[in-house]
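The values are calculated or read from the model by the stated rules, or taken from the named source; none is laboratory data. Computed from a prediction, not measured in an experiment: that's the story for all the values here. Virtual Cβ from ideal backbone geometry, glycine too; neighbours counted across all protein chains shown. For the accessible areas, the whole protein counts, side chains as well, though only heavy atoms, and no ligand, DNA or RNA atoms are used. Shrake-Rupley method; radii C 1.70, N 1.55, O 1.52, S 1.80 Å.
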Amino acid sequence: MSLAIAGMGWVTPLGNGVDPVWDRLLHGDEAPTTAISEKFGDRSYSAFRVPESVLTGLTHPRLRRASVISRFAAAAGLEALKAAGVKVDSQNAGRIALIFAISNGGVIYTKRFYRDVVEMGAQSASPLLFPETVFNAPASHLAAILGVTGITYTVVGDGAVGLLAIKMAEDVMTDESLDYCLIVGTEEVDWLLCDAYRRWRLLRSVPPIEPFGKQKRGMILSEGAGAILLARLPRRSVAEAGGGPITIEHAHPGGCYGKRGGAEEILTQMLRDLSQTEIDFVVSSANGTFIDQAEQGALEQVMPDALVYTAKPALGESVGASGLWQVILGAQALRHGELPPVLHAGLNISLRLSLSRMSLAEARQAIVLSSGVNQQVAGLRLAIH
């Protein structure tokens, strides 16, 4: 089933709003990093964090005690609905499905809850924190805030989880009682999360992220949210805004690799399946880890002349939100006919990278690759009509 993107929402370390963030990427901007420390740890980590000003004005009783990931998700979800001209009311609340993509979930609230127990005893642990420790808490908050009463799912995975949620949306939208499916992916950064990725030898202490480098120095974590509203039929407002609807032509199920070397094999087969028509560019998930080598090897085998772009040197690795961010990037590039520059890439890389702002006036189709560091790989093909 081909689904049209009716609306999108974006909350990033470069700010919020699809068009404002896109404009900053086109100008080669990079999000500033923040140092994160912990009184029980002897290390400090750099992270790309969402500015506090981004959530200014976002008010709802449900958000007073909700996690930050729920706040990010609400901001992105509301923007996607607004962009599509969809107002949730009693008539359509049950005709909108919600799929929430999440990776690290409420790990921060889990840490806070149990820290109170350790430091001050069980009687001091706040019962208000405990609901936020479960993975589907943000989806519950978002459905209540938006007023959505249709099908609600939470999909848990790694960096590929956003694209896997889109694949799931294809199945959900076979239900004729639904008009839309809102997919939201989100992530929050914390010292504990950074420390875990450092122990897995996937994190570098300070930027920049160097995509496709020979030395895999690691990634910098980031936070935020991305939201995409899918519909069966393109809406007039979308066609007027972007010159034509953007569709998910083929959402590939990808696969899981047992060892790191197996990622390239899955990516190679996935690219062969997705590139059966002419492809204008590829949005890569290169983030400075072994993922870069796997995607580069697959691209060199199947699409050696493909134009490749990755935004993670500018925005960081947002894990749970990253897949939807990449889809937004692909949709914007098709809609506006240009690609932003890839930051911090070496000059001796064999791939054809968009090292400067590049015009793609005739671009009609793009591939999005989403490779997670915890064994999941997915992809899809976007098209503009």
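Numbers at a glance
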| quantity | calculated |
| --- | --- |
| Qualifying positions in the stretch 147-204 - small (Gly, Ala, Ser) and more than 13 Å from residue 322 (Cα to Cα) | 147, 150, 169, 177, 196 |
| Selected residue (only one of 286, 311 is of a type in the set (A, V, I, L, M) and in contact with a Ser or Thr (Cβ under 7 Å, 6 or more places away or on another chain)) | 286 |
| All helices (runs of 4 or more DSSP H) inside the stretch 83-182 with 1 or more residues being of a type in the set (Ser, Thr, Tyr) | 107-120, 137-146 |
| Residues that are part of a loop (DSSP other than H, G, I, E, B) and either β-branched (Val, Ile, Thr) or surrounded by 21 or more Cβ atoms within 10 Å (Cβ to Cβ) (or both), drawn from the stretch 364-385 | 372, 373 |
| Qualifying residues in the stretch 154-204 (those that are over 19 Å from residue 248 (Cα atoms) and of a type in the set (S, T, N, Q)) - the one least open to solvent (accessible area, probe 1.4 Å) | 186 |
| Evaluation of residue 260 against (1) touching a helix residue (DSSP H, G or I) at 6+ places or on another chain (Cβ under 7 Å); (2) in a loop (DSSP other than H, G, I, E, B); (3) open to solvent by less than 10 Å² (accessible area, probe 1.4 Å) (one fails), failing number | (3) |
| Residue within the stretch 114-136 that is under 17 Å from residue 224 (Cβ atoms) and either open to solvent by less than 30 Å² (accessible area, probe 1.4 Å) or of a type in the set (Lys, Arg) (or both) present | no |
| Complete set of residues in the stretch 269-290 that are over 20 Å from residue 328 (Cα atoms) and either in a loop (DSSP other than H, G, I, E, B) or of a type in the set (Asp, Glu) (or both) | 273, 276, 277, 278, 288, 289 |
| Cross-chain or 6+ apart pairs with Cβ under 8 Å, the stretch 202-223 first and among the hydroxyl-bearing types (Ser, Thr, Tyr), then open to solvent by less than 60 Å² (accessible area, probe 1.4 Å) and outside any strand (DSSP E or B) | 222/13; 222/31; 222/189; 222/315; 222/316; 222/318 |
| Any hit, the stretch 346-353, residues being touching a Pro at 6+ places or on another chain (Cβ under 9 Å), open to solvent by less than 10 Å² (accessible area, probe 1.4 Å) and in contact (Cβ under 8 Å) with a residue 60 or more places away in the chain | no |
